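What follows is a short report on a single structure.
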Amino acid sequence: MRRIRAAGGWPAIFYTLKHARATGGFLRMWKAMRTRNACKTCALGMGGQHGGMVNESGRFPEVCKKSVQAMAADLQGAVPTHFFDDVSIQRMQEMTPRELEAAGRLTRPVCRGPLDSHYREIGWDDAMDRIAKRLGAIAPDESFFYFSGRSSNEAGFLLQLMARCWGTNNINNCSYYCHQASGVGLASVTGSGTATVVLDDLHECDLVVLIGANPSSNHPRLMRSLVEVRRRGGRVVVINPLRELGLDRFKVPSDVRSMIRASRINDLYVQGHIGGDGWLLAGVIRALVRRGAIDRSFVDQHADGWDAFERTIRGLDPDEIVRRSGVDPSVIEELASLCADSERSIFCWAMGITHHDHGVGNVQMIANLAIATGQLGRPGCGLLPLRGHSNVQGIGSMGVVPKLKEAFFRELEHVANVPMPTSPGMDTLACMEAARSGSVRFALCLGGNLYGSNPDSAFAAESFRCIDQVVHLSTTLNTGHAHGCGRETIILPVLPRDEESQSTTQESMFNYVRLSDGGRARHEGPRSEVEVITDLASRVLGDEGAFDWTSLRSHEEIRALIARVVPGYEAISGIGESREEFQIEGRTFHTPRFATETGRACVHDVALPRSDALRDDELRLMTIRSEGQFNTVVYEEEDLYRGQDRRDVILMHQDDMDRFGLAHDERVEVSTETGSMVVHVRAIDIRPGNAVMYYPEANVLIPRRVDPVSRTPAFKGIPVRVRSRSAVGS
């Protein structure tokens with residue numbers, strides 16, 4: 001595959017034009033992208049009432065391949081009427097994620113019974129009756145409700161309300177498999193589980209430290225901010241075991257200077273071991289302590305717990321820091337100098353930090369470095385988790401969690417005027433484990449692909465098979481519809497946000513709430529998520545109880561409830577009429593007064609991970625996403641920025657290939673305690689001793705090992721054994 005010299009640029013522009021042609025022409029794509037709806041992809045956020053491709057700072061055009069890919073999927077035609085007659089579930093299981101996504105938009109409910117080899121179309125009333133009958137036959141805690149970050153605040157709040165009025169706290173969302181460690185870690189430091197900064201802070205900082213993230217593929221519009229940091233004399237540090245083209249050189253399509261001459265992104269690229277970030281950050285803090293470069297004024301006045309942490313840092317063995325981080329002492333010192341010299345630093349991270357069995361500790365160590373240098377509680381500095389889906393943070397704000405905060409719980413109970421369940425709810429993985437044990441009989445998935453998101457794919461499929469009824473609310477097909485089948489499975493076709501007949505709201509990772517106008521439905525048949533939920537609630541709970549569910553088909557009525565119940569969301573009441581988007585109060589910290597009991601930030605004496613040494617035939621594995629995918633949705637088999645034309649590969653350093661006696665594209669067996677895969681081996685620029693494979697396909701290898709604090713599975717730092725197929729028999 002031809003290697004490109006910089007990410008972004010003309011290939012991204014040509015890709016956009018190609019997809020526009022394939023979905024009805026450039027003008028149709030342009031009109032769809034310019035509507036006043038929030039972007040459907042990452043949580044960086046753009047669109048809403050400022051207009052499509054405009055961010056909250058008023059900058060235009062704000063667009064990337066991810067948003068084009070998502071829009072193209074929604075602009076495609078309907079799944080052919082004969083599809084489910086011709087394509088069996090077994091055949092669907094053989095299809096790739098890309099093939100399933102490209103089959104078309106879902107427009108009619110389909111059902112598959114325990115003896116059926118194919119899905120078959122059914123009517124809406126039949127589908128809803130089946131679901132209501134199943135719920136009427138089980139106890140509430142024999143169910144769970146899973147929410148994707150694709151859904152709106154209105155649908156999210158409504159479904160968790162219905163589930164709790166019915167009697168269960170088994171309510172969870174996709175963040176448990178991605179950024180839950182960020183929320184738990186941040187809440188333990190500042191009292192709020194979200195970013196401490198707003199978008200404009202990126203325009204004021206002089207240092208960005210990007211840890212365990214690849215925004216060039218996953219948050220492409222952030223790249224413009226990184227380019228501008230360096231243009232005004234600031235610095236960018238990248239910490240990533242894998243050398244990413246887009247984090248070296250990137251051409252911002254909307255920036256002429258960047259297009260003419262590719263922008264250099266980083267001033268320092270640190271390639272340590274997978275899972276070694278905590279040790280690296282501890283080494284940086286140790287260097288600052290030894291230099292006397294700690295911001296003692298900030299630490300003494302605005303933080304608790306520093307002295308115990310400093311004693312731990314002083315006691316660390318510098319040789320162990322180097323060995324476990326995989327980073328040379330000179331590089332640690334250089335990074336410490338950059339942090340010490342910065343006046344305004346922002347620390348960003350993604351799942352390279354959270355996807356570990358010590359994910360919360362990683363987040364707390366990042367916060368410790370910010371506190372040590374006084375980079376918290378001021379404009380232009382702070383902590384920024386790079387969240388994935390466009391409304392994943394909003395879904396959490398809406399109470400889509402197994403345990404509500406006390407204030408939320410009290411107000412919800414007051415509004416409902418009925419007791420809410422107090423039995424402990426199960427997180428996402430706990431629900432899957434309960435399903436396999438036979439104690440879950442019903443599951444409803446509001447969007448997403450829970451099967452594809454799970455570690456240990458064989459376990460995930462088996463868990464779904466044990467559930468009496470699985471219900472999916474989806475816009476297109478995915479691997480969950482093929483492999484995540486219960487004894488009975490129903491797929492209900494729903495509308496994307498830009499086809500809703502009423503406005504909806506979404507919350508960005510900067511705590512900014514947008515209003516999406518919706519628009520005309522492109523196909524007959526799909527219904528709004530709110531309509532489906534209220535229909536189900538009316539059938540199961542009736543309209544004479546706590547709520548008249550039929551009246552809650554009005555999004556304004558739902559938003560009135562949200563304004564009363566959700567802290568910081570008071571301004572959402574009447575947003576449909578005022579069109580005034582807003583910043584959520586109480587989450588951004590531009591003064592050093594935090595949302596903790598003392599008002600001070602908490603320093604955590606983090607226990608650093610001391611994993612066993614690898615065997616000679618093992619590597620550390622992390623799963624990654626390609627430039628051609630978004631979460632579990634694969635739009636392209638190719639990964640342009642990494643020069644890969646296929647996804648069934650393991651990528652490792654050439655030194656490790658030589659050590660194992662492997663040749664380029666040789667077929668190898670990759671195995672763990674959980675499973676094995678046969679893939680092709682290729683070389684890439686990664687820290688020796690480490691390797692990467694593509695998610696979600698590599699989930700068959702990932703054990704159900706979790707961070708005990710956040711319950712986030714460890715999709716990274718997995719010891720894998722790599723053997724040539726010639727050695728094990730082909």
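What the table shows:
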item: Condition check for Ala155: surrounded by 24 or more Cβ atoms within 10 Å (Cβ to Cβ), closer than 21 Å to Met420 by Cα, touching a strand residue (DSSP E or B) at 6+ places or on another chain (Cβ under 7 Å) and of a type in the set (Gly, Ala, Ser); result: yes
item: Residue selected from the range 585-643 under the condition closer than 18 Å to His355 by Cα and of a type in the set (Lys, Arg), by the criterion surrounded by the fewest Cβ atoms within 10 Å (Cβ to Cβ); result: Arg610
item: Counted residues, the range 269-308 - those being in contact with a His (Cβ under 8 Å, 6 or more places away or on another chain) and under 25 Å from His590 (Cα atoms); result: 1
item: Single residue of Glu544, Glu580 found to be at pLDDT below 95, outside any helix (DSSP H, G or I) and surrounded by fewer than 20 Cβ atoms within 10 Å (Cβ to Cβ); result: Glu544
item: Within the range 192-224, tally of residues that are assigned to a loop (DSSP other than H, G, I, E, B) and within 22 Å of the chain's Cα centre (by Cα); result: 13
item: Some residue of the range 247-262 being within 21 Å of the chain's Cα centre (by Cα) and at positive phi; result: no
item: Residue that is surrounded by the fewest Cβ atoms within 10 Å (Cβ to Cβ), among those in the range 422-447 that are among the small types (Gly, Ala, Ser) and not in a loop (DSSP other than H, G, I, E, B); result: Ser437
item: The listed residue being surrounded by fewer than 24 Cβ atoms within 10 Å (Cβ to Cβ), farther than 23 Å from Thr354 by Cβ and of a type outside the set (A, V, I, L, M), out of Arg243, Arg231; result: Arg231
item: In the range 256-281, the residues that are more than 25 Å from Ile624 (Cα to Cα) and either assigned to a helix (DSSP H, G or I) or assigned by TED's automatic domain parsing to the domain that holds Pro11 (or both); result: Val256, Arg257, Ser258, Met259, Ile260
item: Qualifying positions in the range 363-421 - charged (D, E, K, R) and either free of Cβ contacts under 8 Å to residues at least 24 places away in the same chain or more than 20 Å from Leu199 (Cα to Cα) (or both); result: Lys403, Lys405, Glu406, Arg410, Glu411, Glu413
item: Pairs, first outside the structural domain of Arg150 (by TED's automatic domain parsing) in the range 20-38, second of a type in the set (Val, Ile, Thr) and surrounded by fewer than 20 Cβ atoms within 10 Å (Cβ to Cβ), C-beta under 7 Å, six or more apart; result: Met29/Thr23
item: Selection within the range 225-255 - in a helix (DSSP H, G or I) and of a type in the set (Ser, Thr, Tyr); result: Ser225
item: Within the range 2-38, tally of residues that are assigned to a loop (DSSP other than H, G, I, E, B), over 16 Å from Ser217 (Cβ atoms) and not hydroxyl-bearing (Ser, Thr, Tyr); result: 7
item: So Val189, is it in the same structural domain as Gly234 (by TED's automatic domain parsing) and either touching a Gly at 6+ places or on another chain (Cβ under 7 Å) or assigned to a helix (DSSP H, G or I) (or both); result: yes
item: Set Phe84, Phe60: member being more than 18 Å from Ile491 (Cα to Cα), among the hydrophobic types (A, V, I, L, M, F, W, C) and over 22 Å from the mean Cα position of the chain (by Cα); result: Phe60
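Listed here are the residues, each with its yes/no results for (1) in contact with a helix residue (DSSP H, G or I) (Cβ under 7 Å, 6 or more places away or on another chain); (2) polar (S, T, N, Q); (3) part of a loop (DSSP other than H, G, I, E, B).
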site	(1), (2), (3)
Ala563	yes, no, no
Pro567	yes, no, yes
Gly586	no, no, yes
Val606	yes, no, yes
Ala613	no, no, yes
Thr623	yes, yes, no
Ile650	no, no, no
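The values are calculated or read from the model by the stated rules, or taken from the named source; none is laboratory data. Owing to the predicted nature of the structure, the values given are computational and were not obtained by experimental measurement. Neighbour counts are summed over all protein chains in view; Cβ atoms, including those assigned to glycine, are modelled from backbone coordinates with ideal geometry.
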